[in-house]
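**Student:** Here it is: the structure, laid out below.
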Amino acid sequence: MTQSDISCGLEYVITPDLQACLTEALHYNYSFIVAPIVHPRFRRHHVMNTGKIGGFTRSDMVLSPQDWTTRIVGRLSPYLNVDSDVPVVRQRHEDCLNEELAYCRGLGLPAIMISLTGKNNNNLARILQSYHENCHHPSLVWVQVPMVDSRSLKTYSETDESESPWNEPWYWWSKFHERLDYDKKVGVVLELSADLPSKEILNRWLGEPVKAVIVPTSLFHTNKKGYPVLSRAHQEVVVSMMEHEAQIVVRGARRSNVEFYLQYVYRLWQRKPNPADDPMLSYARGWEDYLQVPLQPLADNLDTHTYNVFEKDPVKYDQYQKAIAQALIDIGNNEGGLNNISELPLKDTKPLDLDKNTKKISGKSIIVMVLGAGRGPLVRATLNAADITNTNVKVIAVEKNPCAVVVLAAQVREIWKDRDVIVIPGDMRYTNLSSKADIIVSELLGSWGDNELSPECLDGAAGLLKPGGISIPSVYKSYVAPISSPRLWAAAKVAVGPTNNKDKNLETLWVVYMQSKHDIAETKMVFTFEHPANGKTDHEGQEMADYRGLPLTDNRRSSTVSWKVEQDNVMHGFGGYFDCSLYGKEMISIVPTTHSPGMISWFPIFIPIKTPLRVQKGDTITATFWRCVDSRRVWYEWIVEVGNQVTPIHNCNGRSSEMLL
Ligand SMILES: C[S@@+](CC[C@H](N)C(=O)[O-])C[C@H]1O[C@@H](n2cnc3c(N)ncnc32)[C@H](O)[C@@H]1O
């Protein structure tokens, strides 16, 4: 990596010769410049339509089209106040702003920069909204706000009031962005200030689409060797923003050689965690904040590329292998388990006689059924565990995807020919076998635990397990945390999903590697599933059975979770996660605080709410989630309450998203 790999711009307050400014910045390896749209020589007359032709700025021929479209961020005149209380000023400035926007539209700039200096920006939002609506290829809008509002700082710090004045620039931005319906073409640019707000306030910015951080040269001091450097606190802010893909803009008087600032920014950039050191970071590269529709491996047949991706996980199969090994040891230690092959009567279907298909092996074998075996990685993990524990195993791989069955059968012929492995094609819920398993192993987990219908599949296959047999996994739980993320919310609104309909998209779960989000409160548990599952009990406390004699389970759930809000924010939905006890102490988790290091198989879930909710410090967020089941499908519904605000019930009757049984 070199300096030219980072995106760092240099701001010019005035650009008497734009070409010369750009040449200088590129010469020092800056990637772009921020330059005023209006050339200083051409300050405009106060009265529009004076008959003067053109001439409010320079000709677009001073730069090549490519430079305009890749190297220039156009700064709109900062003095324009289209929300002024004075009508004549407001109108005049509106005319000037429209003139500048129209000119930018013709240049095709990658971004234009405007400043917010207070909280009243409705007219500005309205003008930008119509700019975006009237433009085929609108530039991104970079909205500059100070990290700290120095005016309020002065007023309040003396009286040692609460921290609320610190919040103001975030409010300006957040209200402005809300007016624009969280348009993803609009991002924020933070101007670093000498005083920094608290960590909580800084973290809240990480949920916002921070496009760039402006680092004023006045914040640098000179180190012993004569180079400009930032204080440790400022370094941390810049690095954390860069981790969230923010670009840097160097602004202000040159107190040092201009190339030294870039060299310093490059050194900070090198401190970002290296994807090569973290499998999840390198795997997720390019997928940040990209929404995907959750897989439905039960209703659909996965393709070979999806299996390929699963099988690259360096951790998941290792954890399974350890869990299986432990289960084999425990069963081996408990000799009775091996002989205890009692068969549950399955009423309707004739059991398939496995002995006909089985290779004869000497001694007793522990029967391990891999349910939903895919292309066989859990069969491999079982055989490895058997080798490690020196145990005889007979592996029965059940799989309903015909393409995966082809791969399994080939492996039995070619790789596992000396092992006792057989493949049973079919749906585990309707498979009836003469032998029963000591251990069933499955991985039917979605990013929210049960959302790939593991409970329904495993309950349907309960007749394959001996009484007292072991299920790996044994327990899985789903979790949520309320989050602020205008970016994910805006992406969900317009995502190309199963419905392509804004209302339905916001009633759908999305799989996403969330980068631009801020947790409003901690992660809490929602639903739990255990296997083997207990059946429902009747009024006499007796476990009920279904028509096949299997425990009659109920996988509907509802759960209400509450959080105290610690800081004003806007809630856009929930981050969703799961963790899972495989067997004994072996776990896998994607819950942020307990995430299995290096495990890449699952990105989290984003659960949006239809209308973002403003939440204030001291409020209680209460959310209820329902897992609903009918004969054909499973779906979630959810509702959120904050004070006297309440959302509608999301996804009522599964009208927008469902998982098919
Ligand atoms: C998430 S994949 C896991 C595959 C493999 N065990 C792995 O870890 O790579 C789930 C697999 O279970 C299969 N599956 C899902 N529901 C099933 C069912 N009811 N009966 C049989 N196979 C099922 C799918 O076809 C898919 O191959």
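Bear in mind these aren't lab numbers, they're just calculated from the coordinates by the rules spelled out. In this text, all values refer to a predicted model and were calculated from it rather than measured experimentally. Every residue, glycine as well, gets a Cβ built from its backbone with ideal geometry; the counts of neighbours run over all protein chains shown.
**Student:** Order of 418, 303 from fewest to most other C-beta atoms within 10 Å? Intermediate results must be reported in sequence, preceding the final value.
**Tutor:** On the way: 418 8, 303 11.
Fewest to most other Cβ atoms nearby, the residues stand as 418, 303.
**Student:** Can you work out the PRE-style zone for residue 562? Point 7 Å along Cα to Cβ, and I want the residues of region 456-480 with backbone N under 18 Å.
**Tutor:** Residues passing the 18 Å test: 480.
**Student:** Tilt of helix 87-107 relative to the longest C-alpha principal axis of the chain, in degrees (0 to 90, nearest 10)?
**Tutor:** Roughly 60 degrees, rounded to the nearest 10.
**Student:** Can you give the % of DSSP beta bridges in the chain that are antiparallel, to the nearest 5? Write down the numbers at each step before the final one.
**Tutor:** Working: 57 of 111 bridges.
Of those bridges, close to 50 percent are antiparallel.
**Student:** Working out 0.36 nm times the residue gap between residue 503 and residue 308, then minus their Cα-Cα distance, what length gain in nm do you get to one decimal? Kindly include the intermediate steps, with their values, before the conclusion.
**Tutor:** Values: separation 195, 0.36 × 195 = 70.20 nm, distance 3.38 nm.
Additional length available on full extension: 66.8 nm.
**Student:** I need to check one value: relative contact order of the chain, counting alpha carbon pairs closer than 8 Å and at least 6 residues apart, in percent. Walk me through the numbers on the way to the answer.
**Tutor:** Values: 1303 pairs, mean separation 73.0, N = 661.
This gives 11 percent for the chain.
**Student:** So, one more: With the dipole of region 382-469 worked out from charges on the C-beta (+1 for Lys and Arg, -1 for Asp and Glu) around the Cα centre, which of 469, 395, 453 lies farthest toward the positive end?
**Tutor:** Value computed over the given set: 395.
**Student:** Let me ask something additional. Calculate, for residue 475 and residue 285, the FRET efficiency according to 1/(1 + (r/R0)^6) with r their C-beta to C-beta distance and R0 35 Å; round to the nearest 0.05. Walk me through the intermediate numbers first.
**Tutor:** Details: r = 32 Å, r/R0 = 0.93.
Step by step, r from the Cβ atoms, then E = 0.60.
**Student:** Mind listing which GluC sites (Glu not before Pro) in region 537-644 are in a DSSP loop and have 14 or fewer other Cβ atoms within 10 Å?
**Tutor:** Numbers: sites: 540, 543, 566, 586, 637, 641; in loops: 540, 566.
Listed in order of number, the matching sites are 540, 566.
**Student:** Moving on. So for the pair residue 296, residue 267, with labels modelled 7 Å out along Cα→Cβ, what separation do we get in nm?
**Tutor:** 5.6
**Student:** Something else now. Tally Lys and Arg at +1 and Asp and Glu at -1 over the other residues with C-beta under 13 Å from the C-beta of residue 501: what net charge comes out?
**Tutor:** On the way: positive: 493, 502, 504, 610, 655; negative: 503, 507.
So the surrounding residues net to +3.
**Student:** Could you list 635, 626, 173 in order of exposure, starting from the residue whose Cβ has the fewest other Cβ atoms within 10 Å?
**Tutor:** On the way: 635 22, 626 18, 173 26.
Sorted ascending by nearby Cβ count, the order is 626, 635, 173.
**Student:** While we're looking at this one, here's another question. What ranking do 85, 438 get, fewest neighbouring Cβ atoms within 10 angstrom at the top?
**Tutor:** Exposure proxy ranking, most exposed first: 85, 438.
**Student:** Further question on the same structure: Quick one: 3J(HN,Hα) in Hz for region 271-276, Karplus 6.51/-1.76/1.60 with θ = phi - 60°, rounded, Gly and Pro as x.
**Tutor:** 7, 4, x, 7, x, 5
**Student:** Please work out the FRET efficiency for the pair residue 622 and residue 536, using the Cβ-Cβ distance as r and a Förster radius of 30 Å; give the result to the nearest 0.05. Before the final figure, lay out the partial values.
**Tutor:** Details: r = 28 Å, r/R0 = 0.93.
For residue 622 and residue 536, the calculated efficiency is 0.60.
**Student:** Something else: Can you tell me the FRET efficiency between residue 257 and residue 554 if r is taken as the Cβ-Cβ distance and R0 is 56 Å, rounded to the nearest 0.05?
**Tutor:** Result of the calculation: an efficiency of 0.20.
**Student:** For residue 85 and residue 390, calculate 0.36 nm times their separation in residues minus their Cα-Cα distance, and state this gained length in nm to one decimal. Intermediate results must be reported in sequence, preceding the final value.
**Tutor:** Details: separation 305, 0.36 × 305 = 109.80 nm, distance 8.30 nm.
This chain segment gains 101.5 nm when fully extended.
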